[in-house]
Every structure is written in structure tokens, then in C-alpha cells.
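Reviewing the structure listed below.
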Amino acid sequence: MMNESVSIGFVGIFFMVAGDLLLDAVPLSQGEHYGQAVGFSGHYDFWEALSPKTSIETLFKSHDYDYYPRGRVVFFKNTGRYSLYADACLNQRDLEKVVKAFQLSNYRLARDEHYQCAICNQDYVDF
């Protein structure tokens with residue numbers, strides 16, 4: 001059962017492009033359940049489906065989906081807490097933008113080698 005005190009937050013994915021936050025998120029109550037985790041969306045699927053309407057979206061689409069720093073917000077039912085998985089390149093100001101956009105109050109910051117942008121990943125090759 002989900003902790004009602006944290007049900008106001010959102011789950012989903014995000015990218016930081018030239019200081020702007022792009023995200024694909026839904027309220028926790030509308031998230032996708034995977035065992036104890038509740039999440040939403042996929043980085044590649046979001047990138048693939050995006051039809052740019054702004055200059056930031058056009059810049060984002062000018063590289064492969066994993067070029068820019070990115071991350072994911074997941075809620076874990078067993079702990080009643082969110083995990084904010086984020087690229088190590090994201091600074092405190094970037095993380096504050098994510099926390100505000102996802103309306104997180106009870107969360108932990110987590111690093112995962114899966115979330116590495118072109119700067120972090122020494123083996124990165126852009127398309």
C-alpha cells in the first residue's frame with residue numbers, strides 16, 4: 001500500500017538540456033507498477049516520440065537520446081520514499097529544478113551508472 005503522505009509527487013523521466021528541464025511525468029497515482037517500484041516512461045521512447053516545438057527540444061533532438069544528462073524518479077512502495085536517479089553531471093541547482101518539478105519531499109538521491117551523459121561516459125559515441 002502506498003504512503004498517502006507522499007502521494008502528491010510525480011514519477012517519470014527527465015533530461016537537462018542547456019540548463020532547461022525536459023520531463024515526462026505523471027502523478028504517483030497514475031504511475032506504472034513494477035513489483036515494489038512505481039515509475040513512468042522511458043528515455044529513448046520519449047526522445048523518439050518527441051516532435052520538437054521549441055528551440056530546446058530541437059537542440060535535444062539534434063543528438064542521440066543519451067547525450068544530455070538525464071535521470072528518473074521512482075517511488076518505492078516498501079519504503080514509502082522516492083528515489084531520484086540522476087546523472088553525476090547534474091549540479092545542485094539542476095537537482096533542485098527536478099525536485100521542484102516532481103514535487104518531491106521524501107526522497108533519496110541515487111547514482112546509477114546507467115545515467116551517464118556524453119560528458120560522463122568516456123566511451124560515448126554520438127550518432
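Remarks
- Checked against (1) closer than 21 Å to R111 by Cβ; (2) in contact with a Gly (Cβ under 7 Å, 6 or more places away or on another chain), D66 meets all criteria but (2).
- Any chance N78 is over 18 Å from G12 (Cα atoms), part of a loop (DSSP other than H, G, I, E, B) and either among the aromatic types (F, W, Y) or modelled with pLDDT under 95 (or both): no
- For L90: the one exception among (1) within 12 Å of the chain's Cα centre (by Cα); (2) not in a loop (DSSP other than H, G, I, E, B): (2)
- Identity of the residue in the stretch 45-91, touching a Lys or Arg at 6+ places or on another chain (Cβ under 8 Å) and touching a residue at least 40 places away in the same chain (Cβ under 8 Å), that ends up surrounded by the fewest Cβ atoms within 10 Å (Cβ to Cβ): R81
- Output for the stretch 25-61, where each listed residue is over 30 Å from K77 (Cβ atoms) and part of a helix (DSSP H, G or I): S55, I56, E57, T58, L59, F60, K61
The values are calculated or read from the model by the stated rules, or taken from the named source; none is laboratory data. Owing to the predicted nature of the structure, the values given are computational and were not obtained by experimental measurement. As a convention, Cβ positions derive from the backbone with ideal geometry for all residues, glycine included, and neighbour counts pool all protein chains shown.
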